[in-house]
Amino acid sequence: MTDETPIPTYLSGQLLVAMPRMSDGRFARTVIYLCVHTKDGAMGIVINRMLGSLTFKQLLEQLDIKAHGLAEELRVHYGGPVETSKGFVLHSTDKLEEGSVLIDDDVALTPTTDILRAIASGSGPRHSLLALGYAGWGPGQLDSELQDNVWLNVDADDSLLFDRDIETKWHRSIAKIGIDVNKLSGEAGHA
């Protein structure tokens, strides 16, 4: 007798792209970078939604961090509906701080203010994305949503992850896997 239990495929370091008929308005047309995906659950950062109510300079002021040497103003992203007062920086691995978590060889996640200080002083990582909040799933929840055709998964790359053109990230993510968005169905088993 063979064991037909599927071997779990975990998607840490991949992008989740919401299907066109996503019923949860918080995630409609979102692209999420999956930082962690295990049997115990998943955590990711929405990379194509801005948080319009707070600028990076305002955040630095609130944290009493002086900005000197800041080459480019970081934009503050809406990372997801969980812990929206908590900040996360997705960034390239050329600059790591205590508390940085390597997601893969090229991307790390740092939830501490040390990385913000480095960015504010001009000595931060080459690429970075600041987000408040995150998207989270309990054990098996994301796997179930993937089976229900709620999300597509796409390989991440620096352009999709870090470029400032957030308006086209959803379309570019889908196009990356060669799918015509007009032919997508929200129903499982249909294309």
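No value in this document is a laboratory result; all are computed from the given coordinates. Keep in mind that this is a model prediction, so the values were computed, not measured. Ideal geometry is used to build each Cβ from the backbone, glycine not excepted, and the neighbour counts take in all protein chains shown.
Listed by chain and number, the lysines whose C-alpha is less than 24 Å from the C-alpha of Lys176, apart from same-chain residues fewer than 8 away, amount to an empty set. Relative contact order of the stretch 1-145: 26 percent, from C-alpha pairs under 8 Å at least 6 residues apart in sequence.
Put a plus charge on the Cβ of each Lys and Arg, a minus charge on the Cβ of each Asp and Glu, and nothing anywhere else: the dipole of the chain about its Cα centre is then about 680 debye.
Just the Cα atoms of the chain, one point each, no solvent: what log10 I(q)/I(0) does Debye give at q = 0.12, 0.13, 0.15, 0.20 Å⁻¹? Once normalised to I(0) and log-transformed, intensities are -0.59, -0.69, -0.89, -1.45.
Between beta-carbons, use under 12 Å as the cut-off and find the net charge around Arg49, counting Lys and Arg +1, Asp and Glu -1.
Result for the local shell: +3.
Counting only lysines at least 8 places from Lys86 when in the same chain, those with an alpha carbon closer than 18 Å to its own are Lys57. Electrostatic bookkeeping for Arg29 treats Lys and Arg as +1 and Asp and Glu as -1; over the other residues with beta carbon under 15 Å from its beta carbon, the sum is +2. Computed log10 I(q)/I(0) for the stretch 98-185 at 0.15, 0.21 Å⁻¹: -0.79, -1.24, from the Debye equation with unit scatterers placed on every C-alpha and solvent omitted. Per the Cα gyration tensor, the stretch 60-119 maps to an equivalent ellipsoid with semi-axes of 18, 16, 11 Å, ordered largest to smallest.
What shape does the stretch 30-87 take by its C-alpha gyration tensor, where a ≥ b ≥ c are the square roots of the eigenvalues and a/c under 1.5 counts as rounded, a/b above b/c as prolate, and the rest as oblate? Prolate is the answer for the stretch 30-87, as a/c is 1.5 or above and a/b outweighs b/c.
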